[in-house]
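Inspection log for the structure reproduced underneath, given as structure tokens.
The values are calculated or read from the model by the stated rules, or taken from the named source; none is laboratory data. Note that the coordinates shown come from a computational prediction; the quantities given were computed from them, not determined experimentally. FYI the Cβ positions are ideal-geometry reconstructions off the backbone, even for glycines, and counts take in every protein chain you see. Protein only, heavy atoms only, side chains kept; ligands, DNA and RNA dropped before computing areas. Shrake-Rupley method; radii C 1.70, N 1.55, O 1.52, S 1.80 Å.
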Amino acid sequence: MDKPLIKHGKFELHHLREADVLPFYLNLSSENVREFDVLYNRDPYSALLEEVGQDMTHAVKIDGATIAVTGVYNNVFWAMFSKDIKKNWRGLVRASPKLVSFYHQFFDELICHIWTENDFTVNWVSHLGFEAKRMYADDNENLMVHFVRCNSKRNHVGSKPSRPVMH
């Protein structure tokens, strides 16, 4: 396996490869399967295959198994999770600031649109410093939340100004 782009504990970030897609798809979380059916009316397998080879599409792996696929396209941050995320969610939450910092090397502003029925993801991006800017209904009347996270010296996930001051 290639060298990870970033590593935090047992979590590694790699470019998404075609070999990652089928095993991940077969273990895709029921929430993501439902989201693709209700919101996008498309097959997640085909969508994942389209992402292979994109510069900003990555596989989050533990011991070689892909537990999440993330990416940024036109400043839109997105993520999909496997069923295994439930037993690894605490570690993912701890490792996620490195992921956001990684993407902020390339994008000053990240946005995401999260379905209100996906509580895990809403809470996750909120924890990562994304701010809910507005709620809206998509073309099929599904409620969505528009989140924004800006990269600045004051709110950058590991920046010195955001660390507590010791006296």
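Overview of results
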{"read-out": "Net charge of Cβ neighbours under 9 Å - reference Ala59; Lys, Arg +1; Asp, Glu -1", "value": "0"}
{"read-out": "Nitroxide proxy distance, nm - points 7 Å out along Cα→Cβ at Trp89 and Met135", "value": "2.1"}
{"read-out": "Residue among Val38, Val145, Val72 with the largest mean-square fluctuation in a Gaussian network model of the chain, springs linking Cα atoms under 10 Å", "value": "Val38"}
{"read-out": "Value at 222 nm in deg cm²/dmol, rounded to 500, when DSSP H runs of n ≥ 4 in the chain each add -39,500 (n - 2.57)", "value": "-9500 deg cm²/dmol"}
{"read-out": "Two-site label geometry, Asn41 and Asn27: point separation in nm, points 7 Å out along Cα→Cβ", "value": "3.2"}
{"read-out": "Relative contact order of the chain, pairs being alpha-carbon contacts under 8 Å that are 6 or more residues apart, as %", "value": "18"}
{"read-out": "GNM top mover of Ala68, Ala79, Ala137 - the chain, alpha-carbon springs below 10 Å", "value": "Ala137"}
{"read-out": "Whole-Å distance, taken between Cα centres, linking segment 90-108 and segment 1-74", "value": "15"}
{"read-out": "Fraction of accessible area attributable to carbon and sulfur, segment 60-135 (%, probe 1.4 Å)", "value": "50"}
{"read-out": "For Ile6, residues with placed amide H under 5 Å, excluding near neighbours", "value": "Leu13"}
